[in-house]
1. Being assigned to a loop (DSSP other than H, G, I, E, B), charged (D, E, K, R) and modelled with pLDDT of 90 or more, is that true of even one residue in segment 60-83?
2. Which residue pairs have Cβ atoms closer than 8 Å, lie 6 or more positions apart in sequence or on different chains, and pair a first residue in segment 28-57 that is under 18 Å from SER68 (Cβ atoms) with a second residue that is of a type in the set (D, E, K, R)?
3. Within segment 6-55, restricting attention to residues that are among the β-branched types (Val, Ile, Thr) and in contact with a Phe, Trp or Tyr (Cβ under 6 Å, 6 or more places away or on another chain), which residue is modelled with the lowest pLDDT?
4. Across segment 42-74, what is the total count of residues that are surrounded by fewer than 20 Cβ atoms within 10 Å (Cβ to Cβ), over 26 Å from GLY108 (Cα atoms) and of a type in the set (S, T, N, Q)?
5. Just one of the numbered conditions (1) surrounded by fewer than 16 Cβ atoms within 10 Å (Cβ to Cβ); (2) closer than 18 Å to GLY108 by Cβ; (3) touching a residue at least 40 places away in the same chain (Cβ under 8 Å); (4) aliphatic (A, V, I, L, M) is not true of VAL93; which one?
Amino acid sequence: MAHSTTSSVLRIVVERGRGGRDWSASLEGEPQQACGGSSVAAALNRWLQLNRHRFPGPYMAHFDASQSSLDRQVVVLAVPPPCPDCGGSGRYVGLSLVENCRACGGSGLALPAKGTVGGKARPTDGPSAV
């Protein structure tokens, strides 16, 4: 399965190795380009770091529980929608003032508060924040 560098949704498969101790992460459909680590997070972070130029962020990440198991986790990375307050410009333009949009902090993206957990999407600021 080919993915374009402008894809708005990526599915990363993280699987436990045969020995049961290490994990490998790869883009769904591209297992030949996997990255390993001692945990799901370590393998995923390594894959994201090595592919940051191919798939630049930011992304909102969540686990797809319907496709996951104890030995296989599917992580969905989605590009967040534009900020509804600034329309994606990242700027507030007033009568005599131009400044960063307060809702998105100038990113132009509708990102939830950092550290959101409990099954809700968690924002990532590019490859190293997952």
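1. The initial filter retains those residues of segment 60-83 that are assigned to a loop (DSSP other than H, G, I, E, B), namely 64, 68, 70-71, 79-81, 83.
Filter again for charged (D, E, K, R), leaving 64, 71.
Add one more test, that the residue is modelled with pLDDT of 90 or more, and what stays is 64, 71.
Within segment 60-83 (the criterion being assigned to a loop (DSSP other than H, G, I, E, B), charged (D, E, K, R) and modelled with pLDDT of 90 or more), the answer is yes, since at least one residue qualifies.
2. Short answer, once both residue conditions are applied: GLU28/ARG11; GLY37/ASP22; GLY37/ARG46; ALA43/ASP22.
3. Here the answer is VAL40.
4. 4
5. (3)
Residue by residue, here is whether (1) exposed (fewer than 12 other Cβ atoms within 10 Å of the Cβ); (2) modelled with pLDDT under 85; (3) in contact with a Cys (Cβ under 7 Å, 6 or more places away or on another chain); (4) of a type outside the set (Gly, Ala, Ser) holds:
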site	(1), (2), (3), (4)
GLU99	yes, no, no, yes
LEU111	no, yes, yes, yes
GLY115	yes, yes, no, no
ASP125	no, yes, no, yes
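The values are calculated or read from the model by the stated rules, or taken from the named source; none is laboratory data. Note that this is a predicted model, so its numbers are computed, not measured. All Cβ positions, glycine included, derive from the backbone under ideal geometry; neighbour counts span all protein chains shown.
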